[in-house]
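Chemist: Below you will find the structure I want to go over with you.
The values are calculated or read from the model by the stated rules, or taken from the named source; none is laboratory data. In this text, all values refer to a predicted model and were calculated from it rather than measured experimentally. Counting neighbours? That spans all protein chains shown, and the Cβs are built from the backbone with ideal geometry, glycine included. Just so you know, the surface numbers come from the protein's heavy atoms only, side chains and all, with ligands and any DNA or RNA stripped out. Shrake-Rupley method; radii C 1.70, N 1.55, O 1.52, S 1.80 Å.
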Amino acid sequence: MNAAAIMDPHPTILRPTDMISTAARFIMEKRYRSLPVVDEHGCYLGMFGVNCLLKQVLPKAALMEKGLTNLSFIHDSLADLHERFHELEDKPVSMCTNKEVETIAPDTPLIETLMLLYTQRASIPVVEPGSCKLLGMISYWDVGKGILAS
């Protein structure tokens, strides 16, 4: 068995020009942790995920390199976080596309696929070898569904 047997061949995708508000809506409605970003030709460009959203709404002081280690004095409210989200919701997802997520080919063996899912702790894009075409995605849910159905 290989990756193609457990992948979702019709994943929800984002275009690089989609707004962050659109990505946030998909993530919240479907409980996704990340979504693939694909161009108009179906070429995989990277992943957009909840970590980007969290990073964008955190106070800048919290993210400074070699910066603060104790944030207990910051008392931002949900309204403060919403205001920060509002400032970026009309920006394109391309500003926050992670291009370093490892991809696999559809013929990647099942156990190798599961190990990558375990170590990467995120859904895995399945990309056609020799091209950039996104063929599908593999999530924890896809694997769980496959295991329980066997």
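Chemist: Which residues, taken from region 15-25, are open to solvent by less than 50 Å² (accessible area, probe 1.4 Å) and either closer than 19 Å to GLY146 by Cβ or of a type outside the set (S, T, N, Q) (or both)? Give the derivation first.
Modeler: As a first pass, look at region 15-25 and keep what is open to solvent by less than 50 Å² (accessible area, probe 1.4 Å): 16, 18, 20-24.
Hits for region 15-25 are PRO16, ASP18, ILE20, ALA23, ALA24.
Chemist: Checking the conditions here, which among ASP39, ASP80 is in contact with a Pro (Cβ under 8 Å, 6 or more places away or on another chain) and without any contact (Cβ under 8 Å) to a residue 60 or more places away in the chain?
Modeler: ASP39
Chemist: Also, I was wondering about something else. What number of residues within region 104-141 are among the small types (Gly, Ala, Ser), part of a loop (DSSP other than H, G, I, E, B) and touching a strand residue (DSSP E or B) at 6+ places or on another chain (Cβ under 6 Å)? First the steps, then the outcome.
Modeler: To start, the set of residues in region 104-141 that are among the small types (Gly, Ala, Ser) comprises 105, 122-123, 130-131, 136, 139.
Next cut, part of a loop (DSSP other than H, G, I, E, B) only: 105, 122-123, 130-131, 139.
With the extra rule that they be touching a strand residue (DSSP E or B) at 6+ places or on another chain (Cβ under 6 Å), the set shrinks to 122-123.
Residues in region 104-141 being among the small types (Gly, Ala, Ser), part of a loop (DSSP other than H, G, I, E, B) and touching a strand residue (DSSP E or B) at 6+ places or on another chain (Cβ under 6 Å): 2 in total.
Chemist: Give me the residue from region 1-14 that is of a type in the set (Val, Ile, Thr) and assigned to a loop (DSSP other than H, G, I, E, B) and, out of that set, surrounded by the most Cβ atoms within 10 Å (Cβ to Cβ).
Modeler: Only one residue fits best here, namely ILE13.
Residues are listed down the side, and each one gets a yes or a no for (1) without any contact (Cβ under 8 Å) to a residue 60 or more places away in the chain; (2) more than 15 Å from ARG33 (Cβ to Cβ):
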site	(1), (2)
GLU102	yes, yes
LEU114	yes, yes
GLN120	yes, no
GLU128	yes, yes
MET137	no, no
TYR140	yes, no
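Chemist: Continuing with this model, one more query. Given the structure, is VAL101 assigned to a strand (DSSP E or B) and surrounded by 11 or more Cβ atoms within 10 Å (Cβ to Cβ)?
Modeler: Taking the combined requirement at face value, the residue does not satisfy it.
Chemist: Right, something else. Would you be able to say whether some residue in region 95-108 is within 30 Å of ALA5 (Cβ to Cβ) and basic (Lys, Arg)? Working first, answer last.
Modeler: Keep residues of region 95-108 that are within 30 Å of ALA5 (Cβ to Cβ), which gives 97-108.
Applying the additional criterion that residues be basic (Lys, Arg) yields 99.
Looking through region 95-108, at least one residue is within 30 Å of ALA5 (Cβ to Cβ) and basic (Lys, Arg).
Chemist: Can you spot a residue in region 27-34 that is at pLDDT 90 or above and crowded, with 16+ Cβ neighbours inside 10 Å?
Modeler: Yes; the residues of region 27-34 include at least one that is at pLDDT 90 or above and crowded, with 16+ Cβ neighbours inside 10 Å.
Chemist: Separate question: For ILE147, all conditions in the list (1) in contact with a helix residue (DSSP H, G or I) (Cβ under 7 Å, 6 or more places away or on another chain); (2) part of a helix (DSSP H, G or I) hold save one; what is the number of the exception?
Modeler: Failing condition for ILE147: (1).
Chemist: Okay, moving on. Within region 57-86, which residues are surrounded by 13 or more Cβ atoms within 10 Å (Cβ to Cβ) and of a type in the set (S, T, N, Q)?
Modeler: None; the set is empty.
Yes or no, residue by residue, for (1) closer than 26 Å to LYS133 by Cα; (2) in a helix (DSSP H, G or I):
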{"site": "PRO16", "(1), (2)": "yes, no"}
{"site": "ILE27", "(1), (2)": "yes, yes"}
{"site": "ALA61", "(1), (2)": "no, yes"}
{"site": "LYS66", "(1), (2)": "no, no"}
{"site": "SER72", "(1), (2)": "no, no"}
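Chemist: Could you list, in sequence order, all residues of region 40-52 that are open to solvent by 30 Å² or more (accessible area, probe 1.4 Å) and either among the β-branched types (Val, Ile, Thr) or not in a strand (DSSP E or B) (or both)?
Modeler: GLU40, HIS41, VAL50, ASN51, listed by residue number.
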